[in-house]
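Take a look at the structure below.
The values are calculated or read from the model by the stated rules, or taken from the named source; none is laboratory data. Just so we're clear, the structure is a prediction, and the values are computed from it rather than from any experiment. Backbone-built Cβ (ideal geometry, glycine too); neighbour counts: all protein chains shown. Just the protein is used for accessible areas: all its heavy atoms, side chains included, with ligands, DNA and RNA removed. Shrake-Rupley method; radii C 1.70, N 1.55, O 1.52, S 1.80 Å.
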Amino acid sequence: MRCDQTPAWKALQAHAGHFADFDLRSAFAADAQRADTLSQQAAHVFADLSKNHVDAATEALLQELARQTGLTAHRDAMFRGEHINHTEDRPVMHWLLRQPEGSLAGPLAEPLKLVHGTLKPMLAYAEQIRADAQITDVVNIGIGGSDLGPQMAVLALQDFVLPGKRFHFVSNVDGHELAAVLKGLKAENTLFLIASKTFTTTETMTNARSALQWFRAQGGHDVARHFAALTTNVAAAAEFGISTTFGFWDWVGGRYSMWSAIGLPVAIAIGAQGFKELLAGAHAMDQHFQTAPPEANLPVRLGLLDVWYRNFLNYTSRSIAPYHSALRRVPAYLQQLEMESNGKRVDRNGQALPYGTSPVLWGEPGTNGQHAYFQMLHQGTDVVPLEFIAVKKPTHSLKDHHELLLANVIAQAQALMLGKDDEGGHKHFTGNRPSTFLLLDELTPASLGALIALQEHRVFVSGSVWGINSFDQWGVELGKVLAKDIHARIVSGDATGLDASTAALLQRLRA
């Protein structure tokens, strides 16, 4: 049953109607156990949900909504390998990429063998590159999930990165990005990783061809040594001159592919053991999602909170504020994960939805954001739920820095909730602004893996309740198709049949 047709949906609408007077300060005053009740430890991640606009009745109704929409059955179908990506007739098995070897029987045993049959040589290659002192720079060329995940992870785990090697990420077809990276490199010291499942992605292959031209112009000859491909199109890679390839499968979506061969730059950066720990942390969260009861299941609780905010309190965006500079690319990573997954306007049957789906995600690391957009979060006219991510232990020894950082993140969550009275108005903070607090003890490969897997499953939960397919991305295609036509017209100058605005822009660009 689609969510808006369930009794629970109607009950939530009525509940929300009585929620206009809800105030966090009053909720804490009335319930001394609120912080404990609305906090939870899952694999590597502690979550404090107590500063959100929810109460016990809200959570109970949301859990009922999950039951009535068949959430657990949908989750179990994913973990059985059923083809829940129905528009592409594929299973959804990114979780299998972090499943321990030999741990599954039945129909999933064979694909798990394939996973480890690729993982082992990939990690061996990573160790080979780590031991090669001549390779000082690794350039990953990809886009979307072939860029955001590895880039985010290498930055997040910079304290574990092998000294003496630098990592660069090129995604934009804008040549300024590639040119800026190449400017500081030498051909004999550089390894290029071309990340494209089909080896046909326009942006990636344009950058790859330019990188190859640069390599040869710099006197490089051994393409097979200095280029590797993360692709299933081995023939196209061989034609390019690449002999080292690592593939993955059509049941791995791009934005879920960091755990596959797409994670090769991460494996080179942090080593085979570090990459295994990343997978193990994600697997621990997989197990929590798969086995914990819904009312004590952190991905379920977060995903249902997202539905509550989006559909019943009409909060249309969520801000992400990681209070750790190494996590600075996490907001961008989560943008793709959630908005590409759940930015859908039709249900699984292709019927237009009468309710909203994905919120807009955005953010910057703290404390930078405090001196920018936090003004709006505290005193703006829109209520924007904020998600803090903090790390208990630093890896540096600089005095006072981490204590000040943690003081700021706790204070911001407190200030959003408490507010401040001011009769003049300009210094008045309404307070009662919602936030979630995610805390890691340390930022390690395992804790990062758990944090990202938590976000993946949370997106699954909200998408499942909304009755949409979170695993296709047809909205990416139209502009790419039109760009091919426009590119030919930019070269030829032919504006025949174009709308007036596009034709005028084309002529201005050619003038």
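Couple of notes before you dig in:
- Sites Arg225 and Glu442, calculated FRET efficiency, Cβ-Cβ separation with R0 41 Å, nearest 0.05: 0.65
- In the context of the full protein assembly, Arg310 retains an accessible surface of approximately 50 Å², using a probe radius of 1.4 Å and ignoring ligands and nucleic acids.
- Whole-number accessible area per residue in Å² for the chain, which is evaluated in the context of all protein chains at 1.4 Å: 43
- Kirkwood-based shape ratio for the range 415-511, expressed as Rg/Rh from alpha carbons: 1.27
- Using θ = phi - 60° in the Karplus curve 6.51 cos²θ - 1.76 cosθ + 1.60, the 3J(HN,Hα) couplings for the range 10-15 round to 5, 5, 5, 4, 5, 4 Hz; x is entered for Gly and Pro.
- Per-residue [θ]222 nm for the chain (sum of -39500 (n - 2.57) over DSSP H runs n ≥ 4, rounded to 500): -14000 deg cm²/dmol
- Per-residue extension of 0.36 nm, minus the Cα-Cα distance of Glu403 and Glu110, leaves a gain of 100.6 nm for this segment.
- Accessible surface of the chain, 1.4 Å probe: 54 percent of it comes from carbon and sulfur atoms.
- For the range 63-80, the Karplus equation 6.51 cos²θ - 1.76 cosθ + 1.60, evaluated at θ = phi - 60°, returns couplings of 4, 5, 4, 4, 5, 6, 9, x, 4, 5, 5, 5, 4, 5, 4, 4, 6, 8 Hz by residue, with Gly and Pro reported as x.
- From the C-alpha gyration tensor of the chain, square roots of 5λ in Å: 39, 27, 26
- If the chain linking Leu498 and Ala57 were pulled fully straight, counting 0.36 nm for each residue of separation and taking away their Cα-Cα distance, it would gain 153.2 nm.
- Residues whose amide H falls under 5 Å from that of Tyr323, counting only those 5 or more places apart or on a different chain, are Gly366, Ile389, Ala390, with hydrogens built in the peptide plane.
- The label point for Asn349 and the one for Asn172, both projected 7 Å from the Cα toward the Cβ, are 4.5 nm apart.
- Sites Arg508 and Ala20, calculated FRET efficiency, Cβ-Cβ separation with R0 60 Å, nearest 0.05: 0.75
- Per-pair calculated FRET efficiency, R0 = 45 Å: Asp4 and Gln128 via Cβ, rounded to 0.05: 0.25
- Compared with the alpha-carbon gap, the fully stretched path from Val481 to Gln414 is longer by 19.3 nm at 0.36 nm per residue.
- Residues whose amide H lies under 5 Å from that of Ser317, counting only those 5 or more places away or on a different chain, are Val360; hydrogens are built 1.01 Å from N in the peptide plane.
- Long-range HN-HN contacts of Gly431 with modeled amide H, under 5 Å: Gly419, Lys420
- Cα-based radius of gyration of the range 240-283 once divided by 2.2 N^0.38 Å, which approximates compact folds: 1.26
- Backbone HN-Hα couplings from phi across the range 26-39 [Karplus 6.51/-1.76/1.60, Hz, Gly and Pro as x]: 5, 5, 5, 5, 7, 9, 5, 9, 4, 4, 6, 5, 9, 10
- List Tyr373, Tyr323, ordered by accessible area with a 1.4 Å probe, largest first: Tyr373, Tyr323
- The angle between the Cα long axis of helix 445-466 and the longest principal axis of the Cα atoms of the chain comes to about 70 degrees, rounded to the nearest 10.
- Which of Arg75, Arg329, Arg166 is most accessible, then next, and so on - probe 1.4 Å: Arg166, Arg329, Arg75
- Between the range 115-131 and the range 41-93, the alpha-carbon centres lie 34 Å apart.
- The angle separating the long axis of helix 145-156 from the principal Cα axis of greatest extent in the chain is about 70 degrees.
- Semi-axis lengths, Å, the range 130-283, gyration tensor of Cα atoms, sqrt of 5 times eigenvalues: 22, 19, 14
- Violating pairs (Cα-Cα greater than 26 angstrom) within the set Lys51/Lys392; Lys51/Lys393; Lys120/Lys197; Lys393/Lys420; Lys186/Lys484: Lys393/Lys420; Lys186/Lys484
- A 1.4 Å probe over all protein chains sorts Ser319, Ser210 by accessible area into Ser210, Ser319, starting with the largest.
- Prolate/oblate/rounded call for the range 1-110, Cα gyration tensor, a/c under 1.5 rounded: oblate
- Assigned charges on the beta-carbon of Lys, Arg, Asp, Glu; the range 280-408 dipole about Cα centre (debye): 120
- Each part reduced to its alpha carbon centroid, the range 240-258 and the range 471-511 end up 30 Å apart.
- Approximating the spin labels as points 7 Å out from Cα along Cα→Cβ, the Ala238-to-Lys427 distance works out to 7.4 nm.
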